[in-house]
Amino acid sequence: QVQLVESGGGLVQPGGSLRLSCVASGTVFSIRAMAWYRQAPGKQRELVATISSAGSTMYAESVKGRFTISRDNAKHTVYLQMNSLKPEDTAVYYCNHRNSPQLPWGQGTQVTVSS
C-alpha cells in the first residue's frame, strides 16, 4: 500500500524545537530522494529540505542553519529536526519524493509556533 504518514507536529513557543517523522510505504525508499514540504494558510506548498539517497542535503534559505533533514532507510523514515522555530514556520508539514513521480500526499502534521 502506497502511503505517507507524518507525525511529530504540535504547538511550540518561538525559539523552541520539534522533530517531525515521516514513514513511507509502497516505495523503494532507499533509492529515492525525499523531501519535506510545508503549506501555510493561504499560501502555496513550498519545499523546505531535501535529502538524496546517499544522504546529501539541501535547505530553503528560510530554514538553513535551523532545520536538519535525515533519513533511516531501514525504517523507511525521514526526519526533520526543527530548532529555533519562528512564527513564520507555522504550517502543515508534508513529506514526499523530491522528484516525480510523487506519492499521494499524506495528511501532514501541523506545526504552530506561537507564544
Spin-label model distance (nm) - S53 vs T68, 7 Å beyond Cα toward Cβ: 2.6
If every Lys and Arg gets +1 and every Asp and Glu gets -1 at its Cβ, then about the Cα centre segment 37-101 yields a dipole, in debye to the nearest 20, of 60
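For the chain, which whole percent of the accessible surface, found with a 1.4 angstrom probe, sits on carbon and sulfur atoms?
Numbers: 2950 of 5940 Å².
Carbon with sulfur: 50 percent of the solvent-accessible area.
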How much net charge surrounds P41 when only other residues with a Cβ under 14 Å from its Cβ are counted (Lys, Arg +1; Asp, Glu -1)? 0
Equivalent ellipsoid semi-axes, the chain, via Cα gyration tensor eigenvalues times 5, rooted, Å: 23, 14, 13
Residues of the chain: accessible area per residue at 1.4 Å, in Å²? 52
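By the scheme Lys and Arg +1, Asp and Glu -1, what is the net charge of all other residues having a beta-carbon under 13 Å from that of A54? Walk me through the numbers before you get to the answer.
Details: positive: R32, R71, R98; negative: none.
Counting the neighbours of A54, the net charge comes to +3.
Taking loop as defined by DSSP and a crowding limit of 10 other beta carbons within 10 Å, which trypsin sites (Lys or Arg not before Pro) in segment 2-102 fit? Display every interim value, and only then the final one.
Values: sites: R19, R32, R38, K43, R45, K64, R66, R71, K75, R98; in loops: R32, K43, R45, K64, R66, R98.
Those satisfying the criteria are K43, K64.
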When only Cα pairs under 8 Å and 6 or more residues apart are kept, what is the percent relative contact order across segment 15-115? 32
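The values are calculated or read from the model by the stated rules, or taken from the named source; none is laboratory data. All of these numbers come straight from a predicted model, not from anything done at the bench. Glycine gets a Cβ as well: all are built from the backbone with ideal geometry, and neighbour counts include every protein chain shown. Just the protein is used for accessible areas: all its heavy atoms, side chains included, with ligands, DNA and RNA removed. Shrake-Rupley method; radii C 1.70, N 1.55, O 1.52, S 1.80 Å.
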